[in-house]
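To start, the structure under review is shown below, and the notes come after it.
Bear in mind these aren't lab numbers, they're just calculated from the coordinates by the rules spelled out. What you see is a predicted model; the values in this text were computed from it and never measured. Note that each Cβ is placed from the backbone with ideal geometry, even for glycine, and that neighbours are counted across all protein chains shown.
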Amino acid sequence: MLRVITCAAVIFLGTAFVSAQEVRSTVGPLEKSAKPSSPENPIPKRTASAQPVTPPEFRPPASRGTVRLQVTLNSEGRIGEIRGLGDPLVQFVPGPAVDEKTRRTMNDAIVRSAAEALRHWAYEAPAEPITFHVVFTYYVAPEPTAVQQDPSPLASVTGRGAGAFPPTPPWPAAEGAYRAGPGVPPLRQTKNVRAQYPDEAQRRRIGGAVMLEALIGPDGKVKDVRVIQSTPPLDEAAMDAVRQWEFEPTVIDGKAVSVVMTTTVTFNIR
């Protein structure tokens, strides 16, 4: 199950269960005891929310940022735990290199913003604690969006630290490639193509997010793409867009190398 979150500013005025700073890097006790959401265990109806706010630190040359969080509800329908699913992905417009301090400041700012919005979300009480993903997407100009979704069936509770992603099946095309993250120079995007919303999905009012992995070659062009979390009516459109993205070559030890990155393409119902 996947539902698009419309960002209406309906503020929950009860006592917040999680402070804005409590974003875990490891699996907490509530998440360990919770059951992942699924078609058989759907995410409860949301009864209160707050719109995520683009923080002032998130500004040009940034163009887009994505924050993936694991959210666990307690038996009262309150946000009991929030866990980061890897570092935020911030994309920049072509131009001078952005220093690591600026990148980290932007990353931290959008994580704080996402957590602050979640403080005000509330749901109908589930039969037992439930855990699911929420993906926040920030743009420098438009308002940010959020999508809640079931955890990937490939995910496992490992308790790994920040920067860890759910395990995925082997990808022969990417054998030997580096994975974007710690120890790899930040990717700098030089060409960004927006996904075209499929007509049929618009008519049926289907929205959501498609999580992808992209293999970027030594020349900075995308060589292959695969879906790791699907919204079937939208997968092809997301893949078509990402295939056209281009980046500056990633150089390690004086040699241009292939890199695998994870990205989320979001389709918002208007």
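Summary of computed values
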{"item": "Whole-Hz ³J(HN,Hα) from phi, Karplus 6.51 cos²θ - 1.76 cosθ + 1.60, for segment 244-251, glycine and proline x", "result": "8, 5, 9, 9, 5, x, 8, 10"}
{"item": "19 Å cut-off, amide nitrogen to a point 7 angstrom out along Arg179 Cα→Cβ, residues in segment 86-118", "result": "86-90"}
{"item": "Global geometry of segment 178-242, whether rounded, prolate or oblate, following the gyration tensor of its Cα atoms and the 1.5 cut on a/c", "result": "prolate"}
{"item": "Amide H contacts under 5 Å for Asp224, placed H, 5+ residues apart", "result": "Leu215"}
{"item": "Ordering of 250-258, 238-246, 54-62 by burial proxy (mean other Cβ atoms within 10 Å per residue, highest first)", "result": "238-246, 54-62, 250-258"}
{"item": "Potential lengthening between Glu40 and Gln196 on full extension [0.36 nm per residue; Cα-Cα distance subtracted]", "result": "53.1 nm"}
{"item": "Label point distance in nm, Arg204-Glu57, each placed 7 Å from Cα along Cα→Cβ", "result": "4.1"}
